[in-house]
Amino acid sequence: MTAPAIELKGISKAFGPVQANKDISISVQPGTIHGIIGENGAGKSTLMSILYGFYKADAGEIFIKGEKTLIPDSQAAIRAGIGMVFQHFKLVENFTVLENIILGAEHGAMLNSSLGNARKELKHLAEEYGLNVNPDEVIENLSVGHQQRVEILKALYRKAEILILDEPTGVLTPAEADQLFRILDRLREEGKTIILITHKLREIMEYTDTVSVMRRGEMTATVKTSETSPEHLAELMVGRKVLLRVDKKPAEPGATVLDIKGLRVVDEAGVERVKGIDLTVHAGEIVGIAGVAGNGQSELLEVLGGFADGTGEITMNGVALPLTGHGADGQARRAAGISHVPEDRQREGLIMEFAAWENTVFGYHHSPEIQNGLLMDNKGIYTEAEAKMQRFDVRPPDPKLAAKNFSGGNQQKIVLAREIERNPDLLLIGQPTRGVDIGAIEFIHQQVVNLRDQGKAILLVSVELEEILSLADRVVVMFDGHITGERDAAHTNEKELGLLMAGITDTSAVANGNGGNDTNPQEVPADG
Amino acid sequence: MDFLTLLQVLDTSVRLATPLLLACLAGLYSERSGVVDIGLEGKMLAAAFFSAAVAFYSGNAWVGLLAGVGASVALAIVHGLASITFRGNQLISGVAINFLAAGMTVLVAQSWFRQGGRTPPLQGDARFNPIELPFAIGPSDAAAADRPLSQLIAEAGPLQQFYSELISGHSSLVYLALLTVPFTWWLLFRTRFGLRLRAVGENPAAVDTAGVSVVWLRYAAVLLCGVLCGVAGAYLSSALQAGFVKDMTAGRGFIALAALIFAKWRPVYALGACLLFGLFQALELRPDIIENVIGLKVQVQLLGALPYILTVVILAGFVGKAIPPKASAQPYIKER
């Protein structure tokens, strides 16, 4: 057996009282894709930051190709042949691709020769690995997928032999993700070593050779991917058995709660985003809206939630809702019985700097039960927040902590607690588990199903097909502002919905009627 | 208005634009690296005083210049410590430097010279004197002909007038300031240092992960800023005027910042913006000219306010967009 590409021995790192990494040892074989999974805060990023010279480990040793290596800074990591593709790209947005690639790795003090060299090298890399990017394009004009290619090219330009990718598919469309994995395959064939940090069990199962699981700062297991299963990995990650499939009984749809006719939405730039859709949601059912991000789903939610204007007809429990003006604001929508868990919980669902208890009443601060004369009944709100946080298993259950200090999943639970406990007739919920840990996903899905079983109507928007398939009773697919199809969730599959999401309405070739057996219910969305 | 008057106004514009240009380029380096500097004013003022004081004692303007640059760089280091090393609020640090300089210069001047917070007038080599370019009509020709210089120039042809009045007869610092423009352009857009400097002002994390020190780059930029502010201050007290007086920068540091925004953080545009603002200042001195040209009496205060008004117009997005470097005013903290 050849020397491992990377071997870590006994790495420990503490931030104050928090032990982020505890005695971690791992060995990564050259020419393989090695997955690392774990929940938020499990210590994956800390470990990779140590490997890339961002942090100095308190204890432990790093061996690169069998040689003990000190990595005090990023420069040393680059010299050791380590390249890192961060979750949030480290690109200068108004620079060209070429400028970004040479930054920090220039040949000599003058730019002209560096740029010339890089252009040649880039052409070479593009041919070798199928990484085509226009070198003169400015980064901000590139799609996210192409920006990520630039990051990979940056690493390769610096002669990286070991490539670390931190949650690379979190920001990609499914097609872009497929392309990325084709590139990674190619890189592996050329003998590069790849470390893939991800939340997505499917990616681990499909693309990695070996997988290491981290939990609470410790490496709980390293196994060959072919010898494990998603259920087993999920259990290793969370420390207990996790239900990957939502446990729910068939829906019993009741009366029509929400009825939309001919809704059109034009955005601020004057582009029509929703182009005349009809949609109904009944009591006691979950309607899932599937679609690639940016096909009008967000705008639909915004109009229903009361922070965008539209035209058309919407009735709620038989009463027409105004679509413009004062009667169409969030306050009026709440009064009509609509609760909203927005897609971007950090910008629209919470005030990140405010404490959790304050966040538990936003949007409802006019409610009479939390007033105390002219003032708000802060003590009452606080006590109620404490109870809510218990009921929704928010960790840590400290109402005084600012919203920004909770993990993604716990932030979402705070928003859910606020919206669900208002006992709405209709719950709008966008990307409920984006950036949420696998353990919390189970909880959140269960809450949504419980609400349905109480006879409430739920409109779910998610870009995660697996989430739609496992949670929704009825699936509506949006493409380019239109509804391209509607399917019973129990009688459709990922392929069929994929075609509808691409605007292809003839799905007879892939439709099957046996309950969608070739879907991947194991899939859990990644950290955002 | 005749041609010669126009030349005279333009000549004054160039003189008045010089300190603006130097300070504007100083701010350009700093802000391009992501460090906002509203302490340009204070650094210029400190440099103006120390260069005048040392020039007075040494009798040499160049020695004075060095002292001025030294004082300005010292304040730049304070700003660097506050905003880079200790990641403080860059605006507050800049304001503090302005106050410090405003008080300190007068205090020290009073203690050294006892002339009410000013330095004694500078004479001879203690000042940067006008340079007479070859073939230009200058004071030496006037002395040889024993006639006033203005008469000689008035009698010359338009090209000679243009050359003698506008191009020739400035102090060396004016030419130096003008040369700083192409130099800055070259440094920013043609060298490795420039690429990194621009990158660190846009996305320091990109520079950091590329293995280049964010702190070092920002200090380099802040020091360059200090040097240029130093030259600007020395120019004020030992070239434009002969000696230091209280608050002699008179808001030029802020006009330079306005020019920087007006120029959208680009060196060649900065030259244009500073010349324009210099012209406003020159016209402020000659309100009669405006009255002759447009037939209306214009308040000189309005001219003084024009740079700010134009900057607000620019910022409001009427004339293209002025987008500052993205990482402006943000201390860099390594993320986990």
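The values are calculated or read from the model by the stated rules, or taken from the named source; none is laboratory data. All values reported here derive from a predicted model rather than from experimental measurement. Backbone-built Cβ (ideal geometry, glycine too); neighbour counts: all protein chains shown. In case anyone asks, the SASA skips ligands and DNA or RNA and just uses the protein heavy atoms, side chains included. Shrake-Rupley method; radii C 1.70, N 1.55, O 1.52, S 1.80 Å.
Details
- Check on A:Leu279, open to solvent by 30 Å² or more (accessible area, probe 1.4 Å), in contact (Cβ under 8 Å) with a residue 12 or more places away in the chain and hydrophobic (A, V, I, L, M, F, W, C): no
- Qualifying positions in the stretch B:242-277 - assigned to a helix (DSSP H, G or I) and open to solvent by less than 20 Å² (accessible area, probe 1.4 Å): B:Gly253, B:Ile255, B:Ala256, B:Ala258, B:Ala259, B:Leu260, B:Pro267, B:Ala270, B:Ala273, B:Cys274, B:Phe277
- Tally of residues being within 14 Å of chain B (Cβ to nearest Cβ) and either surrounded by fewer than 21 Cβ atoms within 10 Å (Cβ to Cβ) or of a type in the set (A, V, I, L, M) (or both) across the stretch A:108-155: 18
- Any hit, the stretch A:61-78, residues being part of a strand (DSSP E or B), in contact with a helix residue (DSSP H, G or I) (Cβ under 9 Å, 6 or more places away or on another chain) and open to solvent by less than 40 Å² (accessible area, probe 1.4 Å): yes
- When the stretch B:103-137 is filtered for residues that are more than 26 Å from the chain's Cα centre (by Cα), part of a loop (DSSP other than H, G, I, E, B) and crowded, with 16+ Cβ neighbours inside 10 Å, the ones remaining, listed by number, are B:Ala136, B:Ile137.
Here's the yes/no breakdown for (1) of a type in the set (A, V, I, L, M); (2) over 29 Å from the mean Cα position of the chain (by Cα); (3) assigned to a loop (DSSP other than H, G, I, E, B); (4) farther than 24 Å from A:Ala440 by Cβ:
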site: A:Ala3; (1), (2), (3), (4): yes, yes, yes, yes
site: A:Lys13; (1), (2), (3), (4): no, no, no, yes
site: A:Gly31; (1), (2), (3), (4): no, no, yes, yes
site: A:Ile37; (1), (2), (3), (4): yes, no, no, no
site: A:Thr46; (1), (2), (3), (4): no, no, no, no
site: A:Phe54; (1), (2), (3), (4): no, no, yes, yes
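- Screening B:Leu152, B:Leu173 for residues that are modelled with pLDDT of 90 or more, part of a helix (DSSP H, G or I) and surrounded by 12 or more Cβ atoms within 10 Å (Cβ to Cβ) leaves exactly one candidate, B:Leu173.
- Criterion: in a helix (DSSP H, G or I), among the hydroxyl-bearing types (Ser, Thr, Tyr) and either within 29 Å of B:Gln123 (Cα to Cα) or out of contact with any helix residue (DSSP H, G or I) (no Cβ under 8 Å at 6 or more places or on another chain) (or both) - qualifying residue of B:Ser83, B:Ser72: B:Ser72
- Single match in A:Gly217, A:Gly239 (criterion: free of Cβ contacts under 8 Å to residues at least 60 places away in the same chain and at positive phi): A:Gly239
- Looking across the stretch B:190-203, just one residue is open to solvent by 10 Å² or more (accessible area, probe 1.4 Å), out of contact with any Lys or Arg (no Cβ under 8 Å at 6 or more places or on another chain) and of a type outside the set (Lys, Arg), and that is B:Phe193.
- Looking across the stretch A:19-58, the residues that are without any contact (Cβ under 8 Å) to a residue 60 or more places away in the chain and surrounded by fewer than 16 Cβ atoms within 10 Å (Cβ to Cβ) come down to A:Lys56, A:Asp58.
- Residue among A:Leu236, A:Leu263 that is crowded, with 18+ Cβ neighbours inside 10 Å, more than 21 Å from A:Leu471 (Cβ to Cβ) and touching a Ser or Thr at 6+ places or on another chain (Cβ under 7 Å): A:Leu236
- If you go through the stretch A:132-169 and keep only what is at negative phi, in a loop (DSSP other than H, G, I, E, B) and under 25 Å from the mean Cα position of the chain (by Cα), you end up with A:Leu142, A:Ser143, A:Pro168, A:Thr169.
- Whichever residue in the stretch A:86-97 is more than 8 Å from every other protein chain (Cβ to nearest Cβ) and modelled with pLDDT of 95 or more and, among such residues, is least open to solvent (accessible area, probe 1.4 Å): A:Val97
- Hits in the stretch A:284-313 (condition: in a strand (DSSP E or B) and under 21 Å from A:Ala335 (Cα atoms)): A:Thr311, A:Gly312, A:Glu313
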